[in-house]
């Protein structure tokens, strides 16, 4: 089935080649995020205002730093409410950060607004989770895929149908799909349309926000393969946001694990799955039901599973944000927040357990 | 295995009469679950797995639905019972857990009161004893400060806590059968693990038979003793976990297992071309044949029967061989 997806016909490749970004700054990462913060204020009631109480905030993203190289996939994994989706939206400047720096191809884009962001919008695109609500039901597929190119003035109207057809073929659809409406397509086909729309303006970075989570197993495999094929052909970089560790493991080069608004561990994919260091990463991996031979069950060893639930991101405890659920909790975990430090080549972790190792290295 | 057969479903069919046409959503399913056994019902959306579990409990509105066949629960055919007799069995002898725990609790009553009411329906005990039981159950399913939390409303519980309450409530009457339909699909992976561990532990303790409906092959593999794979309204394969995941005989099962990202260094996942057919466009013969990599001419004509390849392994494929 991959053959259908790997469409190497010169027409489509050419059309995309022209759109595909080149250039960039050799050596520097494509995307560099430093100390990114997003606080959502909570509306105060009149009484609280009258009493002059401190305004409270949800600390959705609370000082996150990472980089994505050109052509690289960084998997961003965590459970609901950890801030991974907000991080993806911040990076795209779909919402305004409360603080921090976002550098894309060397340019600071955190401070840009309105039309100043337009060139950036061409270079960084998003694919959403739900292929049912992210496509306008009244627009034909051709218009959905073609409109971004017109908005950005990338194509003459006369050339549009050919460009759209090439894009549709690139994502494994047929040119005839341009005439159809979203409701005539299956979930997997719609997600292909969402990908074609993102690719239409020739981005170098695509944020995939739970892009395969709504799909059934067999369709999900097709779309994941498509993401990988497109990365190879077009040199795309992905920030792949997902709660599904199986998906993250397949698609990522490096993985960043997020908990309650902060990164707790970042490592190359193989390293992370074989040698997870942070107790949260370890618990997360232990909780995945992987296919076994039925001789034993992870659910018969409750000791390995994590107790308790995510604390509220409003009143974060002092110290390590994972301390309340951590099986290796030490006194200082309640006092001092651990920083994200290097413990091995390209492997960073925010945990006091590895404080000594870090001390030796620094 | 000589354990008592708790649930014995034979030739179960669910039809929907809509706009003058008849849509067959479940087509002649036979399955059984023994005491102490956890059986998984797995398939992709639209395979008919949830409808099968709903038909077993007669939770499908008829009309437009129509359920035929037999659902023998401890010897009695549930499809023959009147509503009164059936509701005495549902909740007491057969417990049910659904996907959305918040939707299963009434938002305007305290959690403890709802547990209390459910148990009062089925247990003939004085009020103080029931109240103590409610707190016991909450403690049992790992709710911190159970006495206080019993006075909370459902919205004060997280999804994982609410689902644990549903599990506790379901198991409190020591049912002979638990039907759990995607019980953790709405939950995060660490919370999912807590709920599934609880279901498995309580089932093992009480000896309840469990029918677990899930789209997640990993969950099925870790939870179940046997698995039944459904495709487009029919069973395509049933066997032990080791057989289905180690040596599947049906091409659909094989392809499904290959679709999962499981090991490192895989460049491409296995895929199945196309999508599962809708009820209005079911192909003749084997329903998987348009997507099947090894289909032969007869596959588009003859419906393959669910044949026994070994005593514990059945597959509905003309080309299935034992150990293939």
Completion exercise
When the range B:200-215 is checked residue by residue, the ones that are buried (at least 22 other Cβ atoms within 10 Å of the Cβ) and facing chain A (nearest Cβ under 8 Å) are none
Completion exercise
By residue number, the members of the range A:148-187 that are more than 14 Å from chain B (Cβ to nearest Cβ), part of a helix (DSSP H, G or I) and surrounded by fewer than 16 Cβ atoms within 10 Å (Cβ to Cβ) are A:150, A:151, A:157, A:158, A:159, A:161, A:162, A:176, A:179
Problem - Of residues in the range B:85-110 being farther than 13 Å from residue B:57 by Cα and modelled with pLDDT of 90 or more, the one surrounded by the most Cβ atoms within 10 Å (Cβ to Cβ) - result: B:110
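One line per residue, one yes/no per condition, for (1) more than 25 Å from residue B:96 (Cβ to Cβ); (2) in the same structural domain as residue B:311 (by TED's automatic domain parsing); (3) at pLDDT 90 or above; (4) in contact with a strand residue (DSSP E or B) (Cβ under 7 Å, 6 or more places away or on another chain):
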residue: B:212; (1), (2), (3), (4): no, no, yes, yes
residue: B:219; (1), (2), (3), (4): no, no, yes, no
residue: B:222; (1), (2), (3), (4): no, no, yes, no
residue: B:225; (1), (2), (3), (4): no, no, yes, yes
residue: B:243; (1), (2), (3), (4): yes, yes, yes, yes
residue: B:252; (1), (2), (3), (4): yes, yes, yes, yes
residue: B:257; (1), (2), (3), (4): yes, yes, no, no
residue: B:260; (1), (2), (3), (4): yes, yes, no, no
Practice task
Output the strands (runs of 3 or more DSSP E) that fall wholly within the range A:208-310 and possess 2 or more residues being within 13 Å of chain B (Cβ to nearest Cβ) and modelled with pLDDT of 90 or more, or say none.
Solution key: A:237-242, A:254-259
Handout entry: Some residue of the range B:8-24 being surrounded by fewer than 16 Cβ atoms within 10 Å (Cβ to Cβ) and in contact with a helix residue (DSSP H, G or I) (Cβ under 9 Å, 6 or more places away or on another chain)
Key = yes
Completion exercise
Apart from one, (1) part of a loop (DSSP other than H, G, I, E, B); (2) closer than 23 Å to residue A:306 by Cβ all hold for residue B:151; the odd one out is (2)
Fill in the blank from the handout: residue B:181 passes all but one of the listed conditions (1) in contact with a strand residue (DSSP E or B) (Cβ under 9 Å, 6 or more places away or on another chain); (2) crowded, with 18+ Cβ neighbours inside 10 Å; (3) within 14 Å of chain A (Cβ to nearest Cβ); the exception is number (3)
Practice task
State yes or no: is residue A:196 within 16 Å of residue A:124 (Cβ to Cβ) and in the same structural domain as residue A:91 (by TED's automatic domain parsing)?
Solution key: no
Completion exercise
Note on the range A:188-207: residues away from chain B (no Cβ under 14 Å) and farther than 12 Å from residue A:144 by Cβ are A:199, A:201, A:202, A:203, A:204, A:205, A:206, A:207
Fill in the blank from the handout: Over the range A:125-147, the set of residues farther than 30 Å from residue A:243 by Cβ and either surrounded by 15 or more Cβ atoms within 10 Å (Cβ to Cβ) or in contact with a helix residue (DSSP H, G or I) (Cβ under 7 Å, 6 or more places away or on another chain) (or both) is A:140, A:142, A:143, A:146, A:147
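The values are calculated or read from the model by the stated rules, or taken from the named source; none is laboratory data. Bear in mind the structure is a predicted one, so any value in this text is a computation, not a measurement. Backbone-built Cβ (ideal geometry, glycine too); neighbour counts: all protein chains shown.
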